[in-house]
Amino acid sequence: MTSSVAAFTGAAVPKLIAPPPVEPPGPGEVRCKTLLLGICGTDRDILESTSPACPVGSGFLVLGHECLARVEQVGPEVTDCEPGDLVVPAVRRPRQQDNESSDQIRRRVDMVPWGNYVERGIVAEHGFSLPAWIDRPEFLFPVSPEIKDTAVLAEPISVSEKAVREAEQIQNARLGDEWQRQAPRVLVTGLGPIAFAAAIVCRARGWPVTMYGRDDPDSFRAGLVTSFDCDYVHEGVYDWALADVEEDGFDLILECTGNDVVMMQAAGTLASCGILVWEGSTRLPQPCQHNVAEIMRAGILRNHVYLGTVNNAPVDMGRALEHLVSQRPRYGSAIRQLVTRQVSVDESLWHYQNREPQGVKTVVVFD
Ligand code: BGC
């Protein structure tokens, strides 16, 4: 029988456990089967912390939040999906008591404060490292069969889609249609899954993208950058001190390394009215010295925006799935290459704690 991967309180090492039994779906419920599951930095962070946010009454958290699944069985009153449908589940869900909230202005789910939501596989609810699980159709996004091989990437792509959509909305509000008339020059820092997701959502908009990384230009990941028609600049060679930041700088920076040194250097390349989005962070921030006053000064004089973003709205997941369909003719092969390793559940434990040097995304295959 297929095992589940779980994080235990007090342990940095993931364990295989027998999956909890699953009842048939009740009214309004759906029973799904996990087909593919992505491993991400958040899984590694949870393990490193040795204090996973376990569901109430449980000493462990079943991991897994980037999932492609198939609907196996639907309960009474379910009309939105049927057995055989491919779906990607939402990660974050409002807590029960929040359903009664009268605050309709702030988007529930991805915009609510810490404590008002659960995240499957991350915060207080078991994830999808399960052969079968119960859910409700409103948390399931339909997947077109033509993207069955890449839809497991929809969740990380939706996270970058939100980052870019929010940047666009802010810029539309203060600059009118400038970004529609003149494509913003984009810098993506990092070469991990969220960075490539950022490149995909920007290339889908036709924007020119430069990616910054540490890898040699002849490495696999640097090659992938080129496959997405992006320019590659790398550590050691790239000169962050631009002669003319308006001429040579960037209008949108998607910071995906979580590294404060990279972030500060990148911030120095922001052109007037530019926006820098924080998509990555380190779980244990350490105090260090930077000339923050310089960033503040430039931020004021050049009307910069700094934006933090997490998770996604339903529209972002919908668009991530659309990008996978629309970008398939152009970038289908490059997108497939982002899955750098496929492993069985039993083989997956090492990958929950380690990254391969040129790896982007490890995917666990369920039978
Ligand atoms: C997930 C998001 C989640 C975030 C914070 C990320 O890895 O992709 O959906 O909101 O972690 O828990």
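The values are calculated or read from the model by the stated rules, or taken from the named source; none is laboratory data. Here the structure is a predicted model, which is why all the values come from computation and not from measurement. Backbone-built Cβ (ideal geometry, glycine too); neighbour counts: all protein chains shown. With ligands, DNA and RNA removed, areas are computed over all heavy atoms of the protein, side chains included. Shrake-Rupley method; radii C 1.70, N 1.55, O 1.52, S 1.80 Å.
Out of Glu322, Glu255, Glu356, Glu279, which single residue is within 16 Å of the ligand (Cβ to nearest atom), under 22 Å from the mean Cα position of the chain (by Cα), open to solvent by 20 Å² or more (accessible area, probe 1.4 Å) and acidic (Asp, Glu)? Glu279 is the lone residue from the list that is within 16 Å of the ligand (Cβ to nearest atom), under 22 Å from the mean Cα position of the chain (by Cα), open to solvent by 20 Å² or more (accessible area, probe 1.4 Å) and acidic (Asp, Glu). Looking only at residues in segment 49-71 that are open to solvent by less than 20 Å² (accessible area, probe 1.4 Å) and of a type in the set (Gly, Ala, Ser), the one that is farthest from the chain's Cα centre (by Cα) is Ala69.
Just one of the numbered conditions (1) under 24 Å from Arg165 (Cα atoms); (2) open to solvent by less than 20 Å² (accessible area, probe 1.4 Å); (3) touching an Asp or Glu at 6+ places or on another chain (Cβ under 6 Å) is not true of Ala334: (3). Looking across Tyr212, Tyr238, one residue alone is surrounded by 23 or more Cβ atoms within 10 Å (Cβ to Cβ) and not in a helix (DSSP H, G or I). It is Tyr212.
For segment 77-120, a residue qualifies if it is more than 22 Å from Leu153 (Cα to Cα), open to solvent by less than 50 Å² (accessible area, probe 1.4 Å), part of a loop (DSSP other than H, G, I, E, B) and modelled with pLDDT of 75 or more, and the qualifying residues are Val78, Val112, Gly115.
When Asp260, Asp248, Asp231 are screened for being within 17 Å of Arg203 (Cα to Cα), open to solvent by 30 Å² or more (accessible area, probe 1.4 Å) and out of contact with any Phe, Trp or Tyr (no Cβ under 9 Å at 6 or more places or on another chain), only Asp231 passes.
Against the condition in contact (Cβ under 8 Å) with a residue 24 or more places away in the chain, open to solvent by less than 30 Å² (accessible area, probe 1.4 Å), within 16 Å of the ligand (Cβ to nearest atom) and of a type in the set (A, V, I, L, M), how does Ala198 come out, does it pass? Taking the combined requirement at face value, the residue satisfies it.
Taking segment 231-289 as the range and being without any contact (Cβ under 8 Å) to a residue 60 or more places away in the chain, among the charged types (D, E, K, R) and within 26 Å of Thr42 (Cα to Cα) as the test, the residues that pass are Glu235, Asp260.
Contact map, segment 312-332: residues that are polar (S, T, N, Q) paired with residues that are open to solvent by 10 Å² or more (accessible area, probe 1.4 Å) and within 16 Å of the ligand (Cβ to nearest atom), Cβ distance under 7 Å, separation 6+ or inter-chain. Pairs shown: Asn312/Val159. When segment 30-48 is limited to residues that are more than 15 Å from the ligand (Cβ to nearest atom) and of a type outside the set (D, E, K, R), the one that is surrounded by the most Cβ atoms within 10 Å (Cβ to Cβ) turns out to be Cys32.
One residue stands out among those in segment 144-183 that are of a type in the set (S, T, N, Q) and open to solvent by 10 Å² or more (accessible area, probe 1.4 Å): the one that is nearest to Leu321 (Cα to Cα), which is Ser144. For segment 216-224, indicate whether the set of residues that are without any contact (Cβ under 8 Å) to a residue 12 or more places away in the chain, surrounded by fewer than 23 Cβ atoms within 10 Å (Cβ to Cβ) and in a helix (DSSP H, G or I) is non-empty. Yes, because at least one residue in segment 216-224 is without any contact (Cβ under 8 Å) to a residue 12 or more places away in the chain, surrounded by fewer than 23 Cβ atoms within 10 Å (Cβ to Cβ) and in a helix (DSSP H, G or I).
Selection of segment 184-194 for residues being away from the ligand (no atom under 15 Å from the Cβ) and either open to solvent by less than 10 Å² (accessible area, probe 1.4 Å) or touching a Lys or Arg at 6+ places or on another chain (Cβ under 6 Å) (or both) yields Pro184, Val186, Leu187, Val188, Thr189, Leu191.
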